[in-house]
1. I'm trying to understand the selection: among the residues of region 213-252, which are modelled with pLDDT under 95 and in contact with a Phe, Trp or Tyr (Cβ under 6 Å, 6 or more places away or on another chain)?
2. Of these, Gly209, Gly221, Gly239, which one is farther than 15 Å from Pro191 by Cβ and surrounded by fewer than 17 Cβ atoms within 10 Å (Cβ to Cβ)?
3. May I ask you to list the residues in region 236-246 that are more than 20 Å from Val146 (Cα to Cα) and either touching a residue at least 40 places away in the same chain (Cβ under 8 Å) or basic (Lys, Arg) (or both)?
4. Quick check: anything in region 179-189 in a loop (DSSP other than H, G, I, E, B), under 21 Å from the mean Cα position of the chain (by Cα) and either surrounded by 13 or more Cβ atoms within 10 Å (Cβ to Cβ) or of a type in the set (Asp, Glu) (or both)?
5. From the residues in region 195-217 that are free of Cβ contacts under 8 Å to residues at least 40 places away in the same chain and assigned to a strand (DSSP E or B), which one is nearest to the ligand (Cβ to nearest atom)?
6. Scan region 1-56 residue by residue and report those that are within 13 Å of the ligand (Cβ to nearest atom) and assigned to a strand (DSSP E or B).
7. Please state which one of Leu109, Leu121 is in contact (Cβ under 8 Å) with a residue 40 or more places away in the chain, within 12 Å of the ligand (Cβ to nearest atom) and more than 15 Å from Val17 (Cβ to Cβ).
8. Looking at the structure I just gave you, is Asp76 within 28 Å of Ala236 (Cβ to Cβ) and without any contact (Cβ under 8 Å) to a residue 12 or more places away in the chain?
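The values are calculated or read from the model by the stated rules, or taken from the named source; none is laboratory data. Being a predicted model, the structure only gives us computed values, none of them experimental. Here Cβ is always computed from backbone atoms with ideal geometry, including for glycine, and neighbour counts include all displayed protein chains.
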Amino acid sequence: MRQILVIGIGTGNPEHVTIQAIRALNTVDVVFVLDKGKEKADLVALRREICERYIEERPYRIVEAQDPERDRNPTDYGVAVEDWHGARAALYEAMIERELGEDGCGAFLVWGDPSLYDSTLRIIDRIVARGRLSFDHRVIPGITSVQALAASHRIALNRIGAPVQITTGRQIAGGLSADADTTVVMLDGDPTFAHLDPDLTIYWGAYLGSDDEMILSGRLGDVAAEIRRIRAEARARHGWIMDTYLLRRPIQ
Ligand SMILES: C[S@@+](CC[C@H](N)C(=O)[O-])C[C@H]1O[C@@H](n2cnc3c(N)ncnc32)[C@H](O)[C@@H]1O
């Protein structure tokens with residue numbers, strides 16, 4: 001039976017890779033690398049570095065593929081994501097069939113952890129549901145950008161007994177939800193902050209875990225402009241940026 005491992009690799013520091021992940025990597029015949037966008041080259045390089053550094057026990061191959069393009073301005077967001085996932089499922093299925101022998105083991109190295117804003121597991125479920133290809137699959141957890149953000153700022157995510165909401169820039173375009181004490185925002189391509197309460201405390205971080213990590217925190221009204229300035233500069237310098245921020249309401 002073919003084996004597929006979905007391995008969380010952390011967010012940019014090779015030392016985020018867990019011992020469980022290293023053991024799993026050392027059972028792999030093929031590492032599948034799929035990336036997209038401007039950050040592609042840097043993220044692929046990190047995956048290669050992880051393989052070179054940690055796989056010592058057997059020969060392996062890296063198979064790279066171009067992720068299908070996604071419609072970034074769809075009229076119907078749900079339909080566009082559905083189509084994109086369909087195209088990715090077909091691609092992954094073809095790669096597994098072509099590159100792995102009947103008893104082969106393949107791995108998808110997922111940025112951060114596969115449980116958080118990543119579609120790899122949904123795509124694998126789709127392939128399983130299609131029923132054309134049989135394989136076992138297993139998930140190895142990794143450090144998320146949310147954990148990396150909290151660690152770099154030396155903060156706990158939640159206030160005592162209080163909830164945390166994890167969401168996207170798109171979802172907070174109309175403001176934070178009324179009951180959110182702490183909100184972590186990911187996937188925000190252009191944080192404006194202008195529509196948010198200036199008395200919120202923000203903990204912001206970019207390229208977390210990597211040598212290029214940047215963090216900044218403070219009262220939102222005091223630091224928003226500075227975050228936007230250094231974010232734009234860093235984005236221009238690297239050609240891409242990945243950043244995450246946590247917003248906390250003032251104590252009432
Ligand atoms: C598609 S999601 C993937 C999240 C990933 N699975 C995780 O566990 O963190 C990409 C978003 O994660 C956040 N992110 C990922 N890596 C990051 C990093 N090194 N520094 C800051 N934010 C990061 C950003 O908000 C980015 O837009």
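1. none
2. Details: Gly209 fails: surrounded by fewer than 17 Cβ atoms within 10 Å (Cβ to Cβ); Gly221 fails: farther than 15 Å from Pro191 by Cβ.
Every option except Gly239 fails the conditions.
3. Step one: list which residues in region 236-246 are more than 20 Å from Val146 (Cα to Cα), which gives 236-239.
Answer for region 236-246, where residues must be more than 20 Å from Val146 (Cα to Cα) and either touching a residue at least 40 places away in the same chain (Cβ under 8 Å) or basic (Lys, Arg) (or both): Arg237, His238, Gly239.
4. Of region 179-189, the ones in a loop (DSSP other than H, G, I, E, B) are 179-181, 187-189.
After this cut, where a residue has to be under 21 Å from the mean Cα position of the chain (by Cα) as well, the list is 187-189.
So of that shortlist, the ones also either surrounded by 13 or more Cβ atoms within 10 Å (Cβ to Cβ) or of a type in the set (Asp, Glu) (or both) come out as 187-188.
There is at least one residue in region 179-189 that is in a loop (DSSP other than H, G, I, E, B), under 21 Å from the mean Cα position of the chain (by Cα) and either surrounded by 13 or more Cβ atoms within 10 Å (Cβ to Cβ) or of a type in the set (Asp, Glu) (or both).
5. Per the stated criteria, the residue is Ala206.
6. Hits for region 1-56 are Val6, Ile7, Gly8, Gly10, Leu34, Asp35.
7. Values: Leu109 fails: more than 15 Å from Val17 (Cβ to Cβ).
Sole residue among the options that is in contact (Cβ under 8 Å) with a residue 40 or more places away in the chain, within 12 Å of the ligand (Cβ to nearest atom) and more than 15 Å from Val17 (Cβ to Cβ): Leu121.
8. Working: within 28 Å of Ala236 (Cβ to Cβ): no; without any contact (Cβ under 8 Å) to a residue 12 or more places away in the chain: yes.
No; evaluated as a whole, the condition is false for this residue.
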